[in-house]
Amino acid sequence: MISNIFMTFAWYSHLRNLSDKKWYIAAIFSWGIALFEYMVQVPANRIGYQTLNLSQLKILQEVITLSVFVPFAVFYMHQPIKYDYLWAALCIMGAVYFIFRT
C-alpha cells in the first residue's frame, strides 16, 4: 500500500502542483517520488512472491491501486465521487475471484 501511495503521487500530483512548470520538471519530480516507491515495492513483491503467484500479486496490486486512487482523486485532486469507482471495484472483485479460485 505504501508503494502505491508513492506511485499515485508520482503519477498524478504534478497535475495539481506543477501544472505551471515544464513537463520535464514534472517528470524529474515524479522520478524522485518513484524512487521511493521502488524501494518499497521491490522488497514487497519479493516477499509476496514466496506465497503468491505472479497473477495473484498483480491483481492484489490492482486492488490496492484502486483503494489508494479513489481517496487520492476525491480528497487530494478534488474530483467528484462517481459510481464508476463502485463499478470498477466490482469488476476488480470479479478479477480477484477468478485469479484466486482453486
Worksheet item: Nearest 10 degrees, 0 to 90: what angle lies between the long axis of helix 2-17 and the longest principal axis of the chain (Cα atoms)?
Response: 30
Response to the item:
Between the residues Ser30, Pro80, Thr51, the Cα farthest towards the positive end of the dipole of the stretch 1-97, that dipole coming from +1 and -1 charges on the beta-carbon of Lys, Arg, Asp and Glu, is from Ser30
Item to complete: Once you have a ≥ b ≥ c as the square roots of the Cα gyration tensor eigenvalues for the stretch 1-57, tell me rounded if a/c is under 1.5, and otherwise prolate or oblate according to whether a/b is larger than b/c.
Response: prolate
Discussion item. Counting other C-beta atoms within 10 Å, and keeping those with at most 11, which DSSP coil trypsin sites (Lys or Arg not before Pro) do you find in the stretch 3-102?
Written reply: Lys22, Arg101
Worksheet item: Of Met39, Met7, how do they rank once you tally other Cβ atoms within 10 Å and put the fewest first?
Response: Met39, Met7
Discussion item. Suppose every Lys and Arg Cβ carries +1 and every Asp and Glu Cβ carries -1, with no other charges. What dipole size does the chain come out with about its Cα centre, to the nearest 20 debye?
Written reply: 80
Practice prompt. Would you mind calculating the relative contact order of the stretch 2-100 from Cα pairs under 8 angstrom and at least 6 residues apart, reporting the percent as a whole number?
Written response: 32
Worksheet, complete the sentence: Placing one equal point scatterer on each C-alpha of the chain and summing with Debye, one gets log10 I(q)/I(0) at q = 0.12, 0.14 Å⁻¹ equal to -0.49, -0.65
Discussion item. Can you sort Asp84, Asp20 from fewest to most other Cβ atoms within 10 Å of each residue's own Cβ?
Written reply: Asp20, Asp84
Discussion item. For a quick check: sort Ser19, Ser67, Ser3 by the number of other beta carbons within 10 angstrom, fewest at the front.
Written reply: Ser19, Ser67, Ser3
Worksheet entry | Global geometry of the stretch 27-79, whether rounded, prolate or oblate, following the gyration tensor of its Cα atoms and the 1.5 cut on a/c | oblate
Discussion item. I'd like the FRET efficiency for Asp84 and Lys58, computed as 1/(1 + (r/R0)^6) with the beta carbon distance as r and R0 of 22 Å, rounded to 0.05.
Written reply: 0.50
Worksheet entry | Extension gain (nm, one decimal) between Ile25 and Val40, 0.36 nm per residue minus Cα-Cα | 3.0 nm
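Bear in mind these aren't lab numbers, they're just calculated from the coordinates by the rules spelled out. Computed from a prediction, not measured in an experiment: that's the story for all the values here. Using ideal geometry, Cβ is built from the backbone for each residue, glycine included, and neighbour counts are taken over all protein chains shown.
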